[in-house]
Structure formats: C-alpha cells, structure tokens
Amino acid sequence: SDLNIYANYKQGFLSGGFNGGSFNAAGDFSYLPQNIDGFEAGVKSRLFNGMVTAELALYTYKIDNLQVQVTTDGTVQELRNAGKVSSKGAEFSLTVRPTDGLQLYANVAYMDAQYDQYFATCYVGQLTLRPGTGIGQCASQPNPTNNNRVGVLQNLSGTELVRSPEWSGNAGFIYETPINDALKLELSSGVTYSDSFITNASSQPRSRSPSYALLDASIRLMDVDDKWEVALIGNNLTDAGFKIVCHFT
C-alpha cells in the first residue's frame, strides 16, 4: 500500500482544422491533427508512516505534426504544423510532513525537447540577417513536411522546442495552525525556478525568456470548516514589480 511501480504506453491526438480568420484562397490555411505516442514509467512511495512521500517519473514521447502558433505576414496569427518533435525527461517530487500542520515540498523537472523535423516561417528580418538553407537560416525552399510546398522558410530541425526549459522546479512550505475553536491560520511561501526558453515558434533570438526565480508568499485566516477565508497574497516579492492581492471567499 506504500509503494507503486508503474509503466505505460500512451497515445493521444489533437484534431486538425483551418485558420478561418486568416483565410487565403491562394495558400494552405489548414493544419493537420497532432499525434503523440510514447512511454512513461515511475515510482510513487510513502515512507516513515506517511511522513514522507516521493515520486519519480521518466518519460519519452514522439509527436508528429505538433500544432504551433506562428505569425505570418507580419501580424496574422495562425496554427501551423511543426513536423516531428521528440521530448524526454524526468520529474521528481518530495513532500515531508515533520510535524502536525507543517508541510515541506520540492519538485524538480528535467526536459530535453527538440524539433526533429521542422521548417518554420522566418521571423521578420531573418532573410536579410541570416540568409541560407542551413539550420536557423532563411531562404526560399521546399517544405518536406508540407508536400514540398515552396516558401520562405527556415530549417529548425535539431533545435530546441518552444516553451521548453531544460530545468524547472519549485520548493516551499505550508504551515497551518488553529487560533481558537472557530479560526485557523495558514502561512505559506514558495520559490519557483525556470531555465531560459524560447517563447516564439519561429525561434526568434530576442524571444528568449531568461532564466528566473519567483518568490511568493501568503497568509490566510480561515474558518475551521473552510467555509470562508481572508487572504493576503504576495506574488514575485523580490522584483520591483511585485503584486500583493487581498482575497476574500
């Protein structure tokens, strides 16, 4: 009852469609279904009479025709297919409850995700700045993932997948204690970390989000039956643009 070892094979899909808002009778405005299949295996465990819980998961997936949002003609947002993508990685989580009311947690994830085959729309200015048919260069060339249709494209095969930081994770605590027979108090704080990652499907260099760490904290006054709460929530407290929110339920 305290140990679960598992392995599975998964398949899934997202249906295809067309970009109705950017209809161009002379172009290809449809996009194909996205298909995914792969394996996942892991371990889930409870230790020391439930005081510690730990989980480890390993995965590897292949994705065909990944649906990505791109900008065409400078301003038009469309869904396009990214050919073939592979993603593999690991996730680990740990929760410790050393005393009543106190919970410590930590999660870390590693991901290696890349385009195996992707001829993408060039970003603005790329044809002038980086002309050619090499990786990350822009030229008029056939797209093997779209019936060899010729367009002004860049080959991103072998480069990193959009919005896929290599390392990410979080850690923090939650502490809850009664005040009296009717009220209880909860204190919590956590740090979230992410490696840098590309935010644009055309891999525009300036679209890279830098690595970051965010510190959040909150204090909540609650009814013992959780019927209502008053909370003071602070987001991104170490940044000049931090936000504090008052929350009533």
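Quick notes
Condition check ((1) assigned to a loop (DSSP other than H, G, I, E, B); (2) at pLDDT 95 or above) across all residues:
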| residue | (1), (2) |
| --- | --- |
| SER1 | yes, no |
| GLY21 | no, no |
| ALA25 | yes, no |
| GLY38 | no, yes |
| VAL43 | no, yes |
| ARG46 | no, yes |
| ALA54 | no, yes |
| LEU58 | no, yes |
| TYR61 | no, yes |
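- Scan of the stretch 131-150 for residues that are in contact (Cβ under 8 Å) with a residue 12 or more places away in the chain and farther than 22 Å from GLN34 by Cα, ordered by number: THR133, GLY134, ILE135, GLY136, GLN137, CYS138, ALA139, SER140, GLN141
- Residue within the stretch 155-169 that is touching a residue at least 60 places away in the same chain (Cβ under 8 Å), assigned to a strand (DSSP E or B), open to solvent by 50 Å² or more (accessible area, probe 1.4 Å) and not hydroxyl-bearing (Ser, Thr, Tyr) present: no
- From the options THR192, THR238, residue that is open to solvent by 60 Å² or more (accessible area, probe 1.4 Å), free of Cβ contacts under 8 Å to residues at least 60 places away in the same chain, among the polar types (S, T, N, Q) and more than 30 Å from THR128 (Cβ to Cβ): THR238
- Single unsatisfied condition, GLU176 versus (1) part of a loop (DSSP other than H, G, I, E, B); (2) out of contact with any Phe, Trp or Tyr (no Cβ under 8 Å at 6 or more places or on another chain); (3) modelled with pLDDT of 95 or more: (1)
- On the stretch given as the stretch 215-229, residues that are farther than 13 Å from ALA182 by Cβ and either open to solvent by 60 Å² or more (accessible area, probe 1.4 Å) or without any contact (Cβ under 8 Å) to a residue 12 or more places away in the chain (or both) total 1.
- All positions within the stretch 94-121 that are free of Cβ contacts under 8 Å to residues at least 40 places away in the same chain and over 30 Å from VAL152 (Cβ atoms): THR99, ASP100
The values are calculated or read from the model by the stated rules, or taken from the named source; none is laboratory data. Source: prediction; values computed, not measured. FYI the Cβ positions are ideal-geometry reconstructions off the backbone, even for glycines, and counts take in every protein chain you see. Quick note on the areas: whole protein, heavy atoms, side chains included, nothing else; ligands and nucleic acids left out. Shrake-Rupley method; radii C 1.70, N 1.55, O 1.52, S 1.80 Å.
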